[in-house]
Amino acid sequence: MARNINLDIPLEDIPQLDFDELYKLYIELFSLPTKATRKSFFIWRVTNRLQELRFGGLDSVTKHLLETMDDEPDNATYLPVGTELIKRFKGEVYRLRVLKDGFEFDGQVYKSLSAIALEITGRKISGKEFFGV
């Protein structure tokens, strides 16, 4: 990767490159073609890669944190055990309680808020969004 590339290209000059120049620079930096067609994609990827090569990439801990940011956190991480959630939906009031390893709703234990939201609404939706947490 990134062999014999001029890393001193000023980043502020990257947006002024024409599409073909950006594409060639992208190929040089990543050694793989892409089907992307938006100039903004190439500007973002090329400038980020140049900075990474100049200053070093992210450490493994930060990479792992970023890669797992969208993973649903442990229930105890974002709602304390014993918390009661109340949701009004179509004129009905629904209550659930946060457990150590899930949620108690209507006498049953569920692993996720999304499972309870499905039970209430009859459709798959984000439980965190449905309950506002």
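Test Arg88 against the stated conditions and say whether it is in contact with an Asp or Glu (Cβ under 7 Å, 6 or more places away or on another chain), assigned by TED's automatic domain parsing to the domain that holds Leu118 and under 30 Å from Phe130 (Cβ atoms). Working first, answer last.
Numbers: in contact with an Asp or Glu (Cβ under 7 Å, 6 or more places away or on another chain): no; assigned by TED's automatic domain parsing to the domain that holds Leu118: yes; under 30 Å from Phe130 (Cβ atoms): yes.
Judged against the criteria, Arg88 is not a match.
Those residues that are surrounded by 11 or more Cβ atoms within 10 Å (Cβ to Cβ) and either out of contact with any helix residue (DSSP H, G or I) (no Cβ under 7 Å at 6 or more places or on another chain) or among the charged types (D, E, K, R) (or both), I need them from the range 3-16; list them, please. Walk me through how you get there before you give the answer.
Pass one, the range 3-16, residues surrounded by 11 or more Cβ atoms within 10 Å (Cβ to Cβ): 5, 7, 9, 11, 14-15.
Correct list: empty.
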Where a residue in the range 119-133 is aliphatic (A, V, I, L, M) and its partner, wherever it lies, is assigned to a helix (DSSP H, G or I) and surrounded by 12 or more Cβ atoms within 10 Å (Cβ to Cβ), with Cβ under 9 Å and at least six apart
Ile120/Phe130; Ile125/Ser114; Ile125/Ala117; Ile125/Leu118; Val133/Tyr78; Val133/Leu113; Val133/Gly127
Every residue from the range 96-133 that is within 26 Å of the chain's Cα centre (by Cα), β-branched (Val, Ile, Thr) and surrounded by fewer than 17 Cβ atoms within 10 Å (Cβ to Cβ):
Thr121, Ile125, Val133
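Which of the following residues is at positive phi and touching a Lys or Arg at 6+ places or on another chain (Cβ under 9 Å): Gly107, Gly82, Gly91, Gly56? Before the answer, list the steps.
Values: Gly107 fails: touching a Lys or Arg at 6+ places or on another chain (Cβ under 9 Å); Gly91 fails: touching a Lys or Arg at 6+ places or on another chain (Cβ under 9 Å); Gly56 fails: touching a Lys or Arg at 6+ places or on another chain (Cβ under 9 Å).
None of the other options fit; the residue is Gly82.
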By residue number, the members of the range 26-36 that are exposed (fewer than 12 other Cβ atoms within 10 Å of the Cβ) and under 23 Å from the mean Cα position of the chain (by Cα) are Lys35
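The values are calculated or read from the model by the stated rules, or taken from the named source; none is laboratory data. Since this is a predicted model, take the numbers as computed values, not measurements. Ideal geometry is used to build each Cβ from the backbone, glycine not excepted, and the neighbour counts take in all protein chains shown.
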